[in-house]
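Asker: Can you keep this structure in mind? I'll have questions shortly.
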Amino acid sequence: MTPPPRFASDEAVPQGANLDAAAAFRTQHSQLRLCFAMLAALFVFGSMHLAWAAEPRPVSASLPALNGTISVLSDPASTLSLAGVLDPTKQAEFRPIRGASVNFGFIQTPVWIRLELPGRMSGEAILSLSPNFLDHVDIYTAAPDAPLSAERFTRHEMGDRRPLPRDGISALDYAVRLDFAEGATTRVFIRILNNNTATYLQLQLGSAEDHAARVAMNASLYGAWLGGMGVLLVTQLVFFFFDRKSQYPLLAISTLGIMLIYMGNLGYSRLYLFPDNGAANDAFLGFNAWAGLTASAIAYMHILDLRRRAPLVHRLYQGAALAGLVGVGFAFAGKNMIFGPIGSVLVIVMACVNMVQGVRQWSEEGAASRLRGAAFAALCLGAFLTMAQRLGSEWLPHWTVHSYGIAGLFLTILLTGALAVRLRDAEALTKRMKDEALRHAQLAENIASGLVEERTRELVDARRIAEEALRLEKQSQLQQVRFLEVVSHQYRTPLAAIRSSIDSIELGLPRNDGANRGRIERIRRAIARLVEMLEINLARSRVQGPSFRPRIVRTNAGALIAAAHQRACDLLSGPTIRLLLEPRAAQASIAADEGMMELVVVNLLENAVKFTALKGSEPIELALAMAGDEVTITVTDRGCGIPASELPGAFALGARGRHSEAVEGSGLGLFLVKKIVTAHDGRVSIESREGEGTTVRINLPTAS
């Protein structure tokens, strides 16, 4: 017996293969360390850039810093106008904040922001606000040291429920021009009303050149981020092309979801997709956020194989996926403000669950599981910071709103790398299995060759034995035929003597001795029946044996059937056999061996007589007719019939039905009939109903 292949054993792999595997393993770890270093550098660079961009400081020495100049006022009743805000009592209610950003979370009431900017030098600057998808943003500006009167302020209407600003400053953020005078204070009031997304605002102050450079830098960084995510998405689809596993397209869908989320968060959807339809932009933002939750939950539960490894956690992921679909419904209904806080908390919870599950599987699949664990740890940190910031956490800096984007890039790179490692490991395993299978195949081939040689010798011996058995069988059949020929010959002489003696006795009887003359006639018929029986059995023996060679000659069909009918009448006693000859058929010629065809008819009539006698004494019909270019020989009886279940095997060798138990026979009759008819290029069929009778029909071609 050949031992089974040991694919997982070191012994199954040659020593050279072990050295190659070790070298590949060291190379893999070197590549992973390099990858981690590059990702860490990218993460640090992105974070530093965002922190620098959010730092509340002037970009020019001539402009004031925003830190310490911003205060906020809530308007729960939604009744305050600029004139009301400028009232001294309301001015006293403004609450100062630190930094250059404000964060109110999910609120549906207006808020007011006041900036009091001291002028260091006379000049002009640009105040920009982001993001650009807030519903209504009204910016009120005035000249330096202008009196607190509504008439002295200019209103700038912005927001995604309004057309894009046409002042040419920027479309990715809300921007206005401010004038400064040395020693004077420039005041700005901003009213924000946002009904369907989180309300947070980042303020930037700079010169026109600084603003253009900052917008260009942000656009470049965001474009690089989107491009990198796009490359990763294509890579995942390429992996799926080579390895048809569900993890790849599911991760690609999750990657696309993150890209669409940040396409909205960065303002591109507002700019390019819905410039004049804020409600559609809000639905786009909500749909991407919560559909992304569904896609990510489905992708991560397949990547972590939770159905098999953690069924309870798998149900939790299914619940998160369902919750994401619920959030999509709220988004399209314009009720994202209701589901937003719940969904944000759920995102944090699921990110933590991802991290815990990734840590639990840290060592299960080597480098692939460690990459997954690191990916989900980054996702947990990024999701916590971003969602906590959206929920209105004032202690978080504004740049943390981009943490999920950075973590998403980090996550996608690591998960793609994990899948690549799995794909490479699968290829390596496949190669080892192929090599091992090839070795075992070669061994099996050698064993098979030996078995083939052994079996060949056995087959040669078996063939020799079979040929010898066939020769002995043919010899036995020839001896049987010769025996019957001898018996027939030996019986004919005494039977002829008996017949001659009977004829002599009859001549000596008086004419009026009817009794003895009847006895003599019965003796004659008995002698004729005995002779006929010997002839029929001899013919049957020849048909069965190796001497079966039809001697085909042109024969009159009517004469052949009449002779067979007479022969059957001489041989058989019992029901009457009626002969029906169609004139055209009686004149037809067929190519046949007369003796064999007579044997066919006698066999059929003998069967009909036997099985009719079991039921009664109804007459039997032997008919000859024409059917197109064929003659049809039909034998019909009204005997006990054949059960339908036994008809398919009626012509088999030795076949005997349940009604045959009361009738003598060997089951050769119909078998010989089919054999002889087939040798004459004919067809034979049988129809029967149990209790009603049987019809056997033979079709033979006419001789042209």
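The values are calculated or read from the model by the stated rules, or taken from the named source; none is laboratory data. Since the structure is predicted, the reported quantities are computational estimates derived from the model, not experimental observations. Glycine also receives a Cβ, built like all others from the backbone with ideal geometry; neighbour counts cover every protein chain displayed. Calculation scope for accessible area: heavy atoms of the full protein, side chains included, ligands and nucleic acids excluded. Shrake-Rupley method; radii C 1.70, N 1.55, O 1.52, S 1.80 Å.
Asker: Would you pull out the residues with amide H under 5 Å of L580's amide H, same chain only if 5 or more places away, H placed 1.01 Å from N?
Answerer: Residues meeting the amide H criterion: L622, A623, L624.
Asker: In addition: Between Q566 and R360, with labels modelled 7 Å along Cα→Cβ, what's the label distance in nm to one decimal, could you check?
Answerer: Distance between the two pseudo-spin positions: 10.1 nm.
Asker: Between A420 and E453, what is the label-to-label distance in nm when each label sits 7 Å out along the Cα-to-Cβ direction?
Answerer: Each label point lies 7 Å from its Cα, and together they span 5.3 nm.
Asker: For L260, L624, what's the largest-to-smallest order of accessible area, 1.4 Å probe?
Answerer: Details: L260 50, L624 5 Å².
These residues rank, largest area first, as L260, L624.
Asker: Related question: Sort 573-583, 137-147 for me by packing, meaning the mean count of neighbouring Cβ atoms within 10 Å per residue, highest on top. Numbers along the way, then the final one.
Answerer: On the way: 573-583: 14.4, 137-147: 17.9.
Listed from highest to lowest mean packing, they are 137-147, 573-583.
Asker: Could you pull the accessible area for M121 with a 1.4 Å probe, rounded to 10 Å²?
Answerer: Looks like 110 Å² after rounding.
Asker: Which FRET efficiency value, to the nearest 0.05, do you get for L325 and E687 by plugging their Cβ-Cβ distance into 1/(1 + (r/R0)^6) with R0 = 51 Å? Let's see the in-between values first.
Answerer: Values: r = 68 Å, r/R0 = 1.33.
That gives a FRET efficiency of 0.15.
Asker: Report ³J(HN,Hα) in whole Hz for each residue of the stretch 403-413, in order, from the Karplus equation J = 6.51 cos²θ - 1.76 cosθ + 1.60 where θ = phi - 60°; Gly and Pro get x.
Answerer: Values, residue by residue: 4, 5, x, 5, 5, x, 5, 4, 4, 5, 4 Hz.
Asker: Here's a follow-up. With a 1.4 Å probe and every protein chain left in place, tell me how much accessible area C352 has, in Å² to the nearest 10.
Answerer: Spelled out: C352, probe radius 1.4 Å, area about 50 Å².
Asker: What are the ³J(HN,Hα) couplings of the stretch 344-350, residue after residue, when phi is run through the Karplus curve with 6.51, -1.76, 1.60 and θ = phi - 60°? Round to Hz, x for glycine and proline.
Answerer: Taking θ as phi minus 60°, the curve returns 5, 5, 5, 4, 4, 4, 5 Hz for the stretch 344-350.
Asker: Taking the Cα centre of each part, how many Å lie between the stretch 81-114 and the stretch 688-704?
Answerer: 110
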